[in-house]
Amino acid sequence: MSTVNAGTAEDAPAVVRPALGTAAIAALALFVVMFGTWAPESPQAGKADAAAVRAWAAESTTTLRVNAFAGVLAVVALIVLTAALARLARASVPGSPLAGVVLVSGGLLAAVNAVVTGITLLWVLPDLPATGDATVLTWHSLSWFGQMLGEVAVVVQSLLMGAFSVAALRGGIVMRWLCWLGVVLAVTGLVSVVGVVVPSAVFDTAWLAGLYGWMLWPLLAAIVFGLRWARLRR
């Protein structure tokens, strides 16, 4: 028996097919570019002088450029994916607030990524040797801000996965195992945030599970969306 509740192309709303195709492409693109958004380890903020920071930036120039380029592409892919997921959620459960949660959380996640990418661009676009020491150290001190945004990202990406997964589960537009996986990853990510105020190995493990789960989810979603789109094309 098929694990997909929705039957044939005729049974599915017309909006589902194009939205599935768009979501599949955007999710795959997001999966690919996320691997280019890992920033190279930098000197500890507040303990390195401007010369050390400049040396780190010079040694990491190629990585930082790839990182910035991938970050820009990730923001675009996130925006497209969010719009497609919101359309699918709205088609699955008309009148439900779940589509709105998908849209808002995805928009916030794109904004967080845009800020992080903007910080990376500070090391790529300006002429660092001609930039004053105070400015270089100020830019470097923003690394703590990027870490704080990482906690925000866990929350909104969990809401994005969770809201879409619940909507898709109710509407039966994709395989149920993907929906349940999204729910589990969303709950894990949200629970891990408690570790910010209650340090614990359990919450640290949950945070890592949520982080790497989010990296894997777009690939699995792209495959499932693509297969479902192909089936509806028959």
Inset, instruction - Once you have the Cα-Cα distance between residue 137 and residue 44, take 0.36 nm times their residue separation minus that, and quote the gain in nm to one decimal. - result: 32.4 nm
Legend entry - Highest-first arrangement of 156-169, 84-97, where packing means the average Cβ count within 10 Å: 156-169, 84-97
Inset, instruction - Order 223, 173, most accessible first, counting only protein heavy atoms with a 1.4 angstrom probe. - result: 223, 173
Inset, instruction - Rounded to whole Hz and in sequence order, give me ³J(HN,Hα) for the range 206-217 from the Karplus expression 6.51 cos²θ - 1.76 cosθ + 1.60, θ = phi - 60°, writing x for Gly and Pro. - result: 5, 5, 5, 5, x, 5, 6, x, 5, 5, 7, 4
Inset, instruction - Quick one: pull the percent of accessible area on the range 62-139 belonging to carbon and sulfur, 1.4 Å probe, ligands and nucleic acids left out. - result: 72 percent
Inset, instruction - Express in nm, to one decimal, how much length is gained between residue 51 and residue 14 on full extension, taking 0.36 nm for each residue of separation and deducting their alpha carbon distance. - result: 7.4 nm
Inset, instruction - Read phi for every residue in the range 106-122 and hand back ³J(HN,Hα) as whole Hz from Karplus 6.51 cos²θ - 1.76 cosθ + 1.60, θ = phi - 60°, with x for Gly and Pro. - result: x, x, 5, 5, 5, 5, 4, 5, 5, 5, 4, 5, x, 5, 5, 5, 4
Inset, instruction - Treating the Cα atoms of the chain as identical point scatterers in vacuum, please give the log10 of the normalised Debye intensity I(q)/I(0) at q = 0.09 Å⁻¹, two decimals. - result: -0.43
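Which order do the peptides 71-77, 59-65 take when ranked by the mean count of other beta-carbon atoms within 10 Å per residue, highest first? The partial results should precede the final answer.
Details: 71-77: 20.4, 59-65: 14.4.
Most protected by this proxy first, the peptides run 71-77, 59-65.
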Inset, instruction - Report residue 49's accessible area, 1.4 Å probe, all protein chains in place, as a number in Å² to the nearest 10. - result: 90 Å²
Legend entry - Helix 50-59 vs. the chain, principal-axis angle (Cα, 0 to 90°, nearest 10): 50 degrees
Inset, instruction - Kindly identify the range 105-234 as rounded, prolate or oblate by the Cα gyration tensor criterion: order the square roots of the eigenvalues as a ≥ b ≥ c, call it rounded if a/c is under 1.5, otherwise compare a/b with b/c, prolate if a/b is larger, else oblate. - result: oblate
Inset, instruction - Roll a 1.4 Å probe over the protein heavy atoms and report the accessible area of residue 177 in Å², nearest 10. - result: 120 Å²
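The values are calculated or read from the model by the stated rules, or taken from the named source; none is laboratory data. Bear in mind the structure is a predicted one, so any value in this text is a computation, not a measurement. Please note: Cβ atoms are built from the backbone with ideal geometry, for glycine as well, and neighbour counts cover all protein chains shown. Quick note on the areas: whole protein, heavy atoms, side chains included, nothing else; ligands and nucleic acids left out. Shrake-Rupley method; radii C 1.70, N 1.55, O 1.52, S 1.80 Å.
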